[in-house]
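Every read-out reported here was derived from the displayed coordinates using simple, explicitly stated rules and does not represent laboratory data. Owing to the predicted nature of the structure, the values given are computational and were not obtained by experimental measurement. When we count neighbours, we look across all protein chains shown, and the Cβ atoms used for this are built from the backbone with ideal geometry, even at glycine.
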Amino acid sequence: MNTRLAARPVEAFARQDGKLACEGVLLEAIADRFGTPTYVYSRAAIESAFAAYTAALQGRPSLVCYAMKANSNLAVLNLLARAGCGFDVVSGGELARVIAAGGNPRKVVFSGVGKTEAEIARALAAEILCFNLESVAELEMVERVAAATGRRARVSVRVNPDVDPKTHPYISTGLRSNKFGVAYADTLPLYRRAAAMPHVEVVGIDCHIGSRISDIAPYLEAADRLLDLVDGLAGECIELAHIDFGGGLDIRYRDERPPAAAELIGALMARVDARGHRDKMLMFEPGRSIVGPAGALLTRVNIVKPGQEKNFLVVDAGMNDLVRPSLYDAWMEVQPVAQRGGSVHTYDIVGPICESGDWLARERQLAAEPGDLLAILGAGAYGMSMASNYNSRGRAAEVMVDGARVYEVRRRETVEELFALESILP
């Protein structure tokens, strides 16, 4: 384990003489050097969040697989790979990123309902840890591709336990109405079928009930259902090497009080031990809780626009840079980088995109002038990874702060790069 890591959480952003900084670097200095909008990440915060999981699992056979859809920057992946992290991928492109970042494919689980034959073949060639199967058709596809390539595919079944995590409907994944996983009643027949296939090796069981979960109870309910299946499989001489409880732990955006990683893991380990499965490797797939608090979107106020019903701060970041507020009606904390005096007004913070849905925050009390810098906190997860080029806008730069040093880990896109792959008719 990297000696830099510590189980104590690190606060990524704090004030130094009234000015907001990331670790030892003022955000003003980052904006001056790299421009805006820019995503800013704290190395120490990422590493300490990952360490909270590994510390809680110390002494147990275990693997933490970072759900890289939350933030797939190569620098982020490389930091986690160096710390011994595995990865949860949902596409061939994500697997390629893991390998490019120095990750170990043998610590990769491949999830997702729509894997293609080409993606399965590439994953088999890379010798990933296992495929999380989500349908009978996918099992048959994996068997077919494995046979054609002369390999044996390690598989786990992602069970849909029909547990309601009480979260946003777009990020709930463990209900019967969701597209994810295998229906609970269909799980044992699917395992029997997989165990009889010559090019498939059954190695585990998987469950992921959703995201932004702030209560341990849904995890425990899902775990009990999962462990019932493990017992049932053992009764049929289908022994599993690992149990994967997924991810989904929430972070604090506003006033949420999610459990610490150690609290969640301790409760789940107690359930596993009570059911007599201490020998199983335990796996988790955290994403948001690893990188979310470690990142912020740095943006500059362009225009202060008073209105009859609302006042607006028009900033240089838009919904193409950060879509969570518009897509999920998500609340994200906004802080002025430099605290100023003057009159405080209520503002909606909006971007330059030609959409009424282009907003980043609503009804915030701020004293602001054109040129001021704002930091949108909690943006390390599902910020840049969901960004787009809508309105032909280049995606933001990304920087990583490491103590007093700053590294540009993705430069800002140019307009010319946006249409470099396009051509006009002769």
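Suppose R0 equals 22 Å; then what is the FRET efficiency for R144 and I238 from their Cβ-Cβ distance, rounded to the nearest 0.05?
Plugging the Cβ-Cβ distance into 1/(1 + (r/R0)^6) gives 0.55.
What's the Kirkwood radius of segment 4-99 in Å, using all Cα pairs?
On the way: mean 1/r = 0.0666 Å⁻¹.
When all Cα pairs of segment 4-99 are included, the Kirkwood radius is 15.0 Å.
How many nm is it between the label spots at C354 and E417, if each spot is 7 Å from the Cα in line with the beta carbon?
It is 2.4 nm.
Please list 97-108, 239-250 highest first by mean number of surrounding beta-carbon atoms within 10 Å per residue. Provide the component values of the computation, followed by the final result.
Values: 97-108: 18.5, 239-250: 22.3.
Top of the packing list down: 239-250, 97-108.
Report, please, the projected area of segment 292-374 averaged over directions, based on the convex hull of its C-alpha atoms, in nm². Numbers along the way, then the final one.
Numbers: hull surface 21.8 nm².
It is 5.5 nm².
Can you tell me the equivalent ellipsoid semi-axes for segment 226-330? Use √(5λ) from the Cα gyration tensor, largest first, whole Å.
Details: eigenvalues 426, 36, 29 Å².
Rounded to whole Å, the semi-axes are 46, 13, 12.
Write down, largest first, the equivalent ellipsoid semi-axes of segment 112-284 in whole Å, where each equals the square root of 5 times an eigenvalue of the alpha-carbon gyration tensor. Can you show the working numbers first?
Working: eigenvalues 158, 69, 41 Å².
Whole-Å semi-axes of the equivalent ellipsoid: 28, 19, 14.
Which Cα, out of S289, L322, Q308, lies furthest along the positive dipole direction of segment 271-327 (beta carbon charges, K/R +1, D/E -1)?
S289
Could you tell me whether segment 368-412 comes out rounded, prolate or oblate from its Cα gyration tensor? Rule is a ≥ b ≥ c as square roots of the eigenvalues, rounded for a/c under 1.5, then prolate if a/b exceeds b/c, otherwise oblate. Kindly include the intermediate steps, with their values, before the conclusion.
On the way: a/c = 1.61, a/b = 1.12, b/c = 1.45.
In terms of gyration-tensor shape, oblate.
Apply the a/c threshold of 1.5 to the C-alpha gyration tensor of segment 286-426 and tell me whether it is rounded, prolate or oblate. Intermediate results must be reported in sequence, preceding the final value.
Working: a/c = 1.73, a/b = 1.25, b/c = 1.38.
Judged from the Cα gyration tensor, segment 286-426 comes out oblate (a/c at least 1.5, b/c at or above a/b).
Using only Cα atoms, locate the centre of segment 69-109 and the centre of segment 356-426, then give the distance between them in Å, rounded to an integer.
Each part's Cα centre sits 22 Å from the other's.
Can you compute the helix-only [θ] at 222 nm over the chain? Use -39500 (n - 2.57) per DSSP H run of at least 4 residues, normalise by all residues, nearest 500 deg cm²/dmol.
Per the formula, -8500 deg cm²/dmol.
Between segment 26-57 and segment 315-329, what is the separation of their alpha carbon centroids in Å?
20 Å
What GluC sites (Glu not before Pro) in segment 67-170 are in a loop by DSSP, with at most 12 other Cβ atoms within 10 Å of the Cβ?
Numbers: sites: E94, E117, E119, E127, E134, E138, E140, E143; in loops: E127, E134.
Within segment 67-170, the qualifying GluC sites (Glu not before Pro) (loop, at most 12 other Cβ atoms within 10 Å) are E127.
Treating the beta-carbon of each Lys and Arg as +1 and of each Asp and Glu as -1, no other charges, what is the dipole magnitude of the chain about its Cα centre, to the nearest 20 debye? If you can, show how the numbers build up before the last one.
Working: 47 positive and 53 negative charges, 138 e Å.
Using Cβ point charges on Lys, Arg, Asp and Glu, the chain gives about 660 debye.
Assuming R0 = 51 Å, can you tell me the calculated FRET efficiency for the pair R275 and A118, based on Cβ-Cβ distance, to the nearest 0.05?
The computed FRET efficiency comes out at 0.85.
Figure the gain on full extension for N389 and R15 (residue separation times 0.36 nm, minus the Cα-Cα span) and round it to one decimal in nm. Before the final figure, lay out the partial values.
Values: separation 374, 0.36 × 374 = 134.64 nm, distance 3.25 nm.
Net length gain for the segment: 131.4 nm.
Within the chain, how many Lys pairs sit with Cα atoms under 18 Å apart, leaving out pairs fewer than 8 places apart on the same chain? Please list the in-between numbers first.
Numbers: K69/K107; K69/K115; K69/K179; K107/K280; K115/K179; K166/K179.
Step by step, the pairs that qualify in the chain add up to 6.
Applying 1/(1 + (r/R0)^6) with R0 = 22 Å to the Cβ-Cβ distance of E333 and A267, what FRET efficiency is obtained, to the nearest 0.05? Present the calculation step by step, with values, prior to reporting the outcome.
Values: r = 28 Å, r/R0 = 1.28.
Taking R0 as 22 Å, the efficiency between E333 and A267 is 0.20.
Before anything else, pin down the relative contact order of the chain: Cα pairs under 8 Å, at least 6 apart, normalised by residue count, whole percent. List each step's numbers first, then the result.
Numbers: 961 pairs, mean separation 80.1, N = 426.
About 19 percent, as a whole number.
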